[in-house]
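The values are calculated or read from the model by the stated rules, or taken from the named source; none is laboratory data. Note that the structure is predicted; figures quoted are calculated from it, not measured. Here the Cβ positions follow ideal geometry from the backbone for every residue, glycine too, while neighbour counts run over all protein chains shown. Please note that ligands, DNA and RNA were not included when accessible areas were found on the heavy atoms of the full protein model with its side chains. Shrake-Rupley method; radii C 1.70, N 1.55, O 1.52, S 1.80 Å.
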Amino acid sequence: MNDASDVLDAPVLTAEQVAEYLAGHPDFFTEHTWLLEKLYVPHQRGTTVSLVERQTSLLRERNQLLHGHLADMIDAARHNDVQFEKTKRMVLALLEAWTLDDVAVAVEESLCHDFYGDETALLLFSERSLESNSIRTLARAEDSLVQPLIETNLPSCGQLSEAMNRFLFQDRAVKVQSAAVVPLVKGDTLGLLAIGSYDPNYFQSSQGTLFLSYVGEVLSRIIFRILQEQRG
């Protein structure tokens, strides 16, 4: 028979060891149901609830969290579907453009109507006059002010300096409070696409530029093809 000294010498389990054991034996209370009558978990308001009730509460919270994540994913999918449809319309309109003026019209209609830009400006760098009434043509020597926007070969978003704003949007610059600028590159830099907003927070430096990059790539190829045809 064990005496008092045997009880005193028995190892003492820590709370962490008990928790680890129960985590490894999730069916423990199935075989020891009598313990459920003695266990309780303190409630936030000082009352007590059974272990089963507490587990149910936790599962409900996790279920609500998962529903929230699912709702966010569905909203993102719907947004992407809308963006895709708008982008498809723009690309199809550009594919039907045969002149630079056609390109300018397609860009303005899409970016201002579908994507809620307030102003657009399309600038091309060329040492000779181009056949267009809607697109500004500049010699490469005149691009020094916007050279930082060109050198990255990547879209830039945010609030531009007053000088850059005026260079891109000219007499409309006074209303433009934020902008996105997309270099048009096909081998060399062909020009710039600028989209302006009257809202200072519409374009921000932290926003993603995947859509703008895609638009820039499509537009660059269309303009390059038209320029080649004009030279031929």
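Please determine whether any residue of region 165-175 is in contact with a Phe, Trp or Tyr (Cβ under 7 Å, 6 or more places away or on another chain), at negative phi and in a loop (DSSP other than H, G, I, E, B). Yes, there is a match, as at least one residue in region 165-175 is in contact with a Phe, Trp or Tyr (Cβ under 7 Å, 6 or more places away or on another chain), at negative phi and in a loop (DSSP other than H, G, I, E, B).
Condition check for residue 92 on (1) over 22 Å from the mean Cα position of the chain (by Cα); (2) open to solvent by 40 Å² or more (accessible area, probe 1.4 Å); (3) under 22 Å from residue 181 (Cβ atoms): one failure, at (3).
With respect to the conditions (1) outside any helix (DSSP H, G or I); (2) touching a Leu at 6+ places or on another chain (Cβ under 7 Å); (3) not acidic (Asp, Glu), residue 116 falls short on a single one, namely (2). When residues in region 188-216 are screened for being over 18 Å from residue 100 (Cβ atoms) and open to solvent by 50 Å² or more (accessible area, probe 1.4 Å), 13 of them pass.
The single condition among (1) open to solvent by 40 Å² or more (accessible area, probe 1.4 Å); (2) in a loop (DSSP other than H, G, I, E, B); (3) on the phi < 0 side of the Ramachandran plot; (4) modelled with pLDDT under 90 that residue 153 does not meet is (3).
Listed conditions (1) free of Cβ contacts under 8 Å to residues at least 60 places away in the same chain; (2) surrounded by 14 or more Cβ atoms within 10 Å (Cβ to Cβ) are all met by residue 161, apart from (2).
Looking at this structure, is residue 131 of a type in the set (Asp, Glu) and part of a loop (DSSP other than H, G, I, E, B)? So residue 131 fits the description; yes.
Scanning region 87-107 for residues that are out of contact with any helix residue (DSSP H, G or I) (no Cβ under 8 Å at 6 or more places or on another chain) and closer than 19 Å to residue 167 by Cβ yields one hit, 104. Take the conditions assigned to a helix (DSSP H, G or I), surrounded by 10 or more Cβ atoms within 10 Å (Cβ to Cβ) and touching a strand residue (DSSP E or B) at 6+ places or on another chain (Cβ under 7 Å) and apply them to residue 54. Does it pass? Answer is yes for this residue. Of the residues making up region 88-106, those that are in a helix (DSSP H, G or I) and farther than 15 Å from residue 221 by Cβ number 5.
Per-residue answers, yes or no, for (1) hydroxyl-bearing (Ser, Thr, Tyr); (2) under 30 Å from residue 113 (Cβ atoms); (3) open to solvent by less than 100 Å² (accessible area, probe 1.4 Å); (4) at pLDDT below 70:
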{"residue": "8", "(1), (2), (3), (4)": "no, no, no, yes"}
{"residue": "13", "(1), (2), (3), (4)": "no, no, no, no"}
{"residue": "17", "(1), (2), (3), (4)": "no, no, yes, no"}
{"residue": "24", "(1), (2), (3), (4)": "no, no, yes, no"}
{"residue": "66", "(1), (2), (3), (4)": "no, no, no, no"}
{"residue": "70", "(1), (2), (3), (4)": "no, no, yes, no"}
{"residue": "79", "(1), (2), (3), (4)": "no, yes, no, no"}
{"residue": "84", "(1), (2), (3), (4)": "no, yes, no, no"}
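Scanning region 132-150 for residues that are touching a Ser or Thr at 6+ places or on another chain (Cβ under 8 Å) and surrounded by 13 or more Cβ atoms within 10 Å (Cβ to Cβ) yields 132, 137, 138, 149, 150.
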